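A quick write-up on the structure given underneath.
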Amino acid sequence: MDPRYDIPTRRAAGVGGGSANSSPALGSQSRRRKMPPRPADFKLQIIIIGSRGVGKTSIMERFTDDTFCEACKSTVGVDFKIKTVELRGKKIRLQIWDTAGQERFNSITSAYYRSAKGIVLVYDITKQETFDDLPKWMKMIDKYASEEAELLLVGNKLDCETDRIISRQQGERFSSRISGMRFCEASAKDNFNVDEIFLKLVDDILSKCINPVCSDTTDASGSSQQGALQQRPVSAA
Ligand SMILES: Nc1nc2c(ncn2[C@@H]2O[C@H](COP(=O)(O)OP(=O)(O)OP(=O)(O)O)[C@@H](O)[C@H]2O)c(=O)[nH]1
């Protein structure tokens, strides 16, 4: 994997039996103030869309919590999780919106498209109808999302290779017809390509946004933001 996509893992505290700070012999160290965590340099929103049951929640939860649920409940409306990653020496706070695949929630979920800087469109490689639905999802993107949003098409459930209906070439062909859309196959179950989905998308967003000025956007709750991708002064508390 490209080392730029490394996600820092939390170091185990006090490894080796008892931390130095707790030793009475190191009293001055025990009084040393802990540095507050460095604030995020950027905040950005990513939305996951696609038909019912393709694995949107599973992809999000694999990425944010490294968990997988064999029998998840269908998402009602929208859900979200936060994860902070480091890329290109920047700390980026990702807000990931997981949307319901059922059409009856479209009026709710469409409100979240506008503020997304990245859109992950998912289908299930074992279910033809989820691939056939892609043009319908593209219409939603065209109607509600920002034109600047980075797009990534994901064929999920790669672990079910024996039940595959949609070939990799079909996925590639679909994405190649849409300007700027990237493509990959993944498995939330096997944790294959899941980090890469988000890190590649964030890397593309950063390339686009660090140089040119990002336009101001308003988030789904209606509050105004100074660009969905905000750069905060590194020294800010
Ligand atoms: N084998 C396999 N099953 C998966 C994978 N990802 C998700 N699933 C299963 O597919 C089912 C649906 O997953 P969800 O993550 O709830 O799908 P969703 O797209 O969020 O569904 P909605 O909320 O209804 O739109 C669950 O039973 C998951 O365990 C995967 O990579 N491989």
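Of the numbered conditions (1) buried (at least 20 other Cβ atoms within 10 Å of the Cβ); (2) touching a helix residue (DSSP H, G or I) at 6+ places or on another chain (Cβ under 8 Å), Asn106 satisfies every one except a single condition; which is it?
The one condition Asn106 does not meet is (1).
Those residues that are near the ligand (Cβ under 6 Å from one of its atoms), surrounded by fewer than 24 Cβ atoms within 10 Å (Cβ to Cβ) and of a type in the set (D, E, K, R), I need them from region 41-69; list them, please.
Arg52
For region 149-173: of the residues being under 12 Å from Gly50 (Cα atoms) and either among the aromatic types (Phe, Trp, Tyr) or within 14 Å of the ligand (Cβ to nearest atom) (or both), which is surrounded by the most Cβ atoms within 10 Å (Cβ to Cβ)?
Here the answer is Asn156.
Could you say whether any residue in region 147-157 is at positive phi and in a loop (DSSP other than H, G, I, E, B)?
Narrowing region 147-157 to residues at positive phi: 157.
So of that shortlist, the ones also in a loop (DSSP other than H, G, I, E, B) come out as 157.
Scanning region 147-157, I find at least one residue that is at positive phi and in a loop (DSSP other than H, G, I, E, B), so the answer is yes.
Just checking, does region 124-131 include any residue being in a strand (DSSP E or B), surrounded by 17 or more Cβ atoms within 10 Å (Cβ to Cβ), without any contact (Cβ under 8 Å) to a residue 40 or more places away in the chain and within 21 Å of the chain's Cα centre (by Cα)? Walk me through how you get there before you give the answer.
Restricting attention to region 124-131, the residues satisfying the condition of being in a strand (DSSP E or B) are 124.
Going one step further and asking which of them are surrounded by 17 or more Cβ atoms within 10 Å (Cβ to Cβ), we end up with 124.
Those left that are additionally without any contact (Cβ under 8 Å) to a residue 40 or more places away in the chain: none.
There is no residue in region 124-131 that is in a strand (DSSP E or B), surrounded by 17 or more Cβ atoms within 10 Å (Cβ to Cβ), without any contact (Cβ under 8 Å) to a residue 40 or more places away in the chain and within 21 Å of the chain's Cα centre (by Cα).
Would you confirm whether any residue within region 184-195 is away from the ligand (no atom under 13 Å from the Cβ), outside any helix (DSSP H, G or I) and touching a residue at least 60 places away in the same chain (Cβ under 8 Å)?
no
If we keep just the residues of region 70-87 that are under 24 Å from Glu147 (Cβ atoms) and aliphatic (A, V, I, L, M), which is farthest from the ligand (Cβ to nearest atom)?
Per the stated criteria, the residue is Leu87.
Of all residues in region 132-173, which are of a type in the set (A, V, I, L, M, F, W, C) and either without any contact (Cβ under 8 Å) to a residue 24 or more places away in the chain or farther than 20 Å from Ile46 by Cβ (or both)?
Restricting attention to region 132-173, the residues satisfying the condition of being of a type in the set (A, V, I, L, M, F, W, C) are 134, 137-138, 140-141, 145, 149, 151-154, 158, 160, 165-166.
Matches in region 132-173: Leu158, Cys160, Ile165, Ile166.
Yes/no matrix, rows are residues, columns are (1) touching a residue at least 40 places away in the same chain (Cβ under 8 Å); (2) in a loop (DSSP other than H, G, I, E, B); (3) at negative phi:
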| position | (1), (2), (3) |
| --- | --- |
| Cys69 | no, yes, yes |
| Cys72 | no, yes, yes |
| Thr75 | no, yes, yes |
| Asp79 | no, no, yes |
| Ile82 | no, no, yes |
| Gln95 | yes, no, yes |
| Phe105 | no, no, yes |
| Thr109 | yes, no, yes |
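Can you name every residue in region 111-123 that is surrounded by fewer than 24 Cβ atoms within 10 Å (Cβ to Cβ), more than 14 Å from the chain's Cα centre (by Cα) and not in a helix (DSSP H, G or I)?
Passing the criteria: only Arg114.
Considering only residues of region 88-98 that are among the charged types (D, E, K, R) and either modelled with pLDDT of 95 or more or over 20 Å from Lys200 (Cβ atoms) (or both), which is nearest to the ligand (Cβ to nearest atom)? Give the steps one after another, and end with the answer.
From region 88-98, those among the charged types (D, E, K, R) are 88, 90-91, 93, 98; that's our starting set.
In the following step, the residues that additionally are either modelled with pLDDT of 95 or more or over 20 Å from Lys200 (Cβ atoms) (or both) were identified as 93, 98.
Working: Arg93: 23, Asp98: 6 Å.
My answer is Asp98.
Taking the options Gly101, Gly118, name whichever one is modelled with pLDDT under 95 and not β-branched (Val, Ile, Thr).
On the way: Gly118 fails: modelled with pLDDT under 95.
Among Gly101, Gly118, only Gly101 is modelled with pLDDT under 95 and not β-branched (Val, Ile, Thr).
Out of Ser23, Ser58, Ser51, which single residue is at pLDDT below 90 and hydroxyl-bearing (Ser, Thr, Tyr)? Break it down into steps so the answer makes sense when it comes.
Numbers: Ser58 fails: at pLDDT below 90; Ser51 fails: at pLDDT below 90.
Selected residue: Ser23, the only one of Ser23, Ser58, Ser51 that is at pLDDT below 90 and hydroxyl-bearing (Ser, Thr, Tyr).
Of the residues Ser176, Ser115, Ser107, Ser146, only one is within 16 Å of the ligand (Cβ to nearest atom) and either small (Gly, Ala, Ser) or within 13 Å of Ile48 (Cβ to Cβ) (or both); which?
Ser107
Taking Glu185, is it touching a helix residue (DSSP H, G or I) at 6+ places or on another chain (Cβ under 9 Å) and at pLDDT 95 or above? I'd like the intermediate steps shown before the answer.
Values: touching a helix residue (DSSP H, G or I) at 6+ places or on another chain (Cβ under 9 Å): yes; at pLDDT 95 or above: yes.
Criteria met by Glu185.
The values are calculated or read from the model by the stated rules, or taken from the named source; none is laboratory data. The model shown is predicted, which means the values in this text are computed figures rather than measured ones. Glycine also receives a Cβ, built like all others from the backbone with ideal geometry; neighbour counts cover every protein chain displayed.
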